[in-house]
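The structure under discussion is supplied below as structure tokens; questions concerning it will follow.
The values are calculated or read from the model by the stated rules, or taken from the named source; none is laboratory data. The shown structure was predicted, so the numbers you read here are calculated from the model rather than taken from an experiment. Here Cβ is always computed from backbone atoms with ideal geometry, including for glycine, and neighbour counts include all displayed protein chains. Keep in mind that these areas ignore ligands, DNA and RNA; they rest on the heavy atoms of the full protein, side chains included. Shrake-Rupley method; radii C 1.70, N 1.55, O 1.52, S 1.80 Å.
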Amino acid sequence: MLEVGLKGVEKTVVDKTNTAAAIGSGGLEVFSTPSMISLMECTCKLCAQEHLEEGLGTVGISISTNHKAATPIGMEVTCECELVEIDRSRLVFKVRCYDELEEIGVCTHERFIIDNAKFLANVDAKIERAKNK
């Protein structure tokens, strides 16, 4: 059961694949902002998922983030999230990331609880509408 106060933690190591240079969001070999955001969303998704009924999932709908410090290749990044608000199907998380020395990012992230089958049916319908356009 989802409850305010649930927490989750995920980690990654900065390597050549998740740098700003590799992603294209910048030219330097440091942990990219898109990679940090992906880690933040994944941490929240996994935190919520283990408390949902079978067939349900979540989708990210908004993120407001601040990437505060660079992290070099080889350092581990830890992401911690806390579920701070539940409003029907809307979940709000506070998230922070830090490397081995300092906090590198913070965000507020919102997700909606969805029925996976219904969601995918709507996506498939969109494909059909686009074909018939």
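Give me the dipole magnitude in Debye, nearest 20, for the chain about the Cα centre, with unit charges on the beta carbon: positive for Lys and Arg, negative for Asp and Glu.
Working: 15 positive and 21 negative charges, 148 e Å.
About 700 debye.
With a probe of 1.4 Å, find how much accessible area the chain has per residue, and write the answer as a whole number in Å². Intermediate values should be presented prior to the final figure.
On the way: 7850 Å² over 133 residues.
With all protein chains present, the chain gives 59 Å² per residue.
Also, I was wondering about something else. Suppose each label sits 7 Å from its Cα in the direction of the beta carbon; what would the Ala69-Ser25 distance come out to in nanometres?
1.8
Turning to a different aspect of this structure: Figure the gain on full extension for Ile86 and Leu52 (residue separation times 0.36 nm, minus the Cα-Cα span) and round it to one decimal in nm. List each step's numbers first, then the result.
Working: separation 34, 0.36 × 34 = 12.24 nm, distance 1.33 nm.
Result for the pair: 10.9 nm of gain on full extension.
Does the range 6-132 come out rounded, prolate or oblate by the C-alpha gyration tensor, with a ≥ b ≥ c the root eigenvalues, rounded set by a/c under 1.5 and, if not, prolate when a/b is larger than b/c and oblate if not? Provide the component values of the computation, followed by the final result.
Details: a/c = 2.52, a/b = 1.48, b/c = 1.70.
It comes out oblate by the Cα gyration axes.
For the range 100-110, in order, what is each residue's ³J(HN,Hα) by Karplus, 6.51 cos²θ - 1.76 cosθ + 1.60 with θ = phi - 60°, in whole Hz (x at glycine and Pro)?
Karplus-based 3J(HN,Hα) across the range 100-110 equals 6, 10, 7, 5, 10, x, 9, 7, 10, 10, 10 Hz.
Still on this model: What residues have an amide H closer than 5 Å to that of Val106, excluding those fewer than 5 places away on the same chain, when H is modeled at 1.01 Å from N in the peptide plane?
Distant-sequence amide H within range of Val106: Asn66, Lys68, Cys97.
Solvent-accessible area of Val123, probe 1.4 Å, all protein chains present, reported in Å² to the nearest ten, please.
Accessible surface of Val123 is approximately 60 Å².
Amide H to amide H under 5 Å from Val30: which residues, 5+ apart in sequence or cross-chain, H placed 1.01 Å off N in plane?
Under 5 Å from the amide H of Val30: Ala20, Ala21.
I want to check a number: in the chain, how many lysine pairs have alpha carbons closer than 16 Å, given a sequence separation of 8 or more or different chains?
On the way: Lys7/Lys45; Lys7/Lys94; Lys11/Lys45; Lys45/Lys94; Lys68/Lys94; Lys118/Lys126.
Within the chain, the lysine pair count is 6.
Give me the percent of the accessible area of the range 20-74 that comes from carbon and sulfur atoms, probe 1.4 Å, all protein chains in place. Please report the intermediate quantities before stating the final value.
Values: 1470 of 2850 Å².
Looking at the range 20-74 in its full context, I get 52 percent from C and S.
Lys/Arg Cβ at +1, Asp/Glu Cβ at -1, dipole of the chain taken about the Cα centre: which of Gly60, Ala121, Ser25 is farthest positive-ward?
Ala121
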